Structure formats: structure tokens, C-alpha cells
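Just so you know, all these numbers are worked out from the coordinates, no wet-lab data involved. In this text the structure is predicted, and so the values were computed from the model without any measurement. As a convention, Cβ positions derive from the backbone with ideal geometry for all residues, glycine included, and neighbour counts pool all protein chains shown.
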């Protein structure tokens, strides 16, 4: 599928400019690329993150179909973002998850998703957040954004009637803050029958994913 526009969204824990290098590297491909920065004040709860990103998209001239690309903790928020775009009259033609946690049916939180992928790490996070009232990630190196217990345990928007378009998972082997072991999520994607791309370079992996999206 050749998308009308490629939308690159960062997770609430990511540095706000996480996609900047990829956006520059893809600039010469002829693709319309938008990497909206969430402008909501921290903590970036699901609803505020979705509203902020959707506002940036709704004020942009984008051609259908959209390919929505999520990194890190943006993964489980992608279905709700897609619903907001459909409500605005846009067509979402595909989803690409890059080192991201995945939406799951039922009631879940970022901490639940982390526990599914890395139980020991989730226990450490829970103890730090709940017992000491701290923030996570503990070390905000490289612009990683810290959040409190309320953020990590909030109920995320449900993935209703989803997926409604083809999905692809890209695993680079790089750490994604708050996601645990991305190999777990790659296996989970494969068990759902989605194509899984192993590629150490983010831009190359994304290009391969776009080539594999069905038209």
C-alpha cells in the first residue's frame, strides 16, 4: 500500500523528538510525513495524549489513506487515535508498530502491558511507584519522560472492533522505555498472524513495512 500520508507518533514516555531522524531520512522518498508532537502537559494520560495528537492531525492537510506508526507506549493508544481520525472523516489504511507494546482486549494499563512482557521489571516499577511515590523511568536519560503511579495504572482506551486494517510489527532490538522485552511483543504480533520485521535500523525497518502493507 502506498499511503497518502505517514503519521509517526511517539509514546507518552518517549522523547518528544524520537522520530526526528527518521523523518529527515524519509524526506526524499516523496511520502507525505507528519510526526506530530503531543502538546499535552504531563502526565500524558491516554485521553489527553490522543486529543493532543488528534488535534495536530486535524489541523494538517493529509491525504488518505493514513498509515499510523507507533513507537513504544504509543502502541496501545493507536486504535483510539484511529477512531478519532475516522470520526474526522479520514481513512486509516494500516498500522505499523515499531518496538511498541500492543493493544490488548479488555481492561488494561501500561503497567499491565509491561508485566506481560517483563514481570520482574514490572514488579520493580510497581514498588518504586506505589511504595515510594516515585517516577518511572527512574533515569530520564535522553529526554525520556517520567510518569507517576497514576499514569502507569490508568485504564487505557479499549481497542474496540480492532484491528480494522493490516498491522505489521518492526523490532529493531533497541530498548523502548516502558515496554519491557520487545521480543515478547514481536512474538505476540506473529501469533496474531501479522508480519514481523527484524531490522536494526528504524528507517530501513519502516521502509520494509511500508512495502509489505497490502494495497
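Per-structure values
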{"read-out": "Of 170, 196, 47, the one that fluctuates the most in a GNM where the chain has Cα springs shorter than 10 Å", "value": "47"}
{"read-out": "Contour minus Cα-Cα distance for residue 155 and residue 24 (0.36 nm per residue)", "value": "43.7 nm"}
{"read-out": "The stretch 1-106 - Rg and Dmax from Cα coordinates, angstrom", "value": "12.8, 41"}
{"read-out": "FRET efficiency, 1/(1 + (r/R0)^6) with R0 30 Å, evaluated for residue 17 and residue 124 via beta carbons", "value": "0.60"}
{"read-out": "Cα gyration tensor shape for the stretch 147-215, rounded if a/c is under 1.5, else prolate or oblate", "value": "oblate"}
{"read-out": "Residues of the stretch 85-127 with amide N under 20 Å of a point placed 7 Å along Cα→Cβ from residue 146", "value": "110-111, 121-127"}
{"read-out": "FRET E, pair residue 191, residue 212, Förster distance 25 Å, beta-carbon r, rounded to 0.05", "value": "0.90"}
{"read-out": "Cβ crowding within 10 Å averaged over residues, with 20-32, 65-77, 3-15 ranked highest first", "value": "65-77, 3-15, 20-32"}
{"read-out": "Cα gyration tensor, the stretch 85-185 - rounded (a/c under 1.5), prolate or oblate", "value": "prolate"}
{"read-out": "Label point at residue 91 placed 7 Å out along Cα→Cβ; residues across the stretch 1-38 whose backbone nitrogen lies under 18 Å", "value": "1-7, 32"}
{"read-out": "Angle between the chain longest axis and helix 78-87 axis [Cα atoms, degrees, rounded to 10]", "value": "50"}
{"read-out": "Neighbour-count ranking [beta-carbon atoms within 10 angstrom, fewest first] of 184, 97, 151", "value": "184, 151, 97"}
{"read-out": "Helix-only [θ]222 nm of the chain, DSSP H runs n ≥ 4, -39500 (n - 2.57) each, per residue, nearest 500", "value": "-9500 deg cm²/dmol"}
{"read-out": "The stretch 57-142: Cα Rg divided by the 2.2 N^0.38 Å rule of thumb", "value": "1.36"}
{"read-out": "The chain, Cα convex hull volume normalised per residue, Å³", "value": "108"}
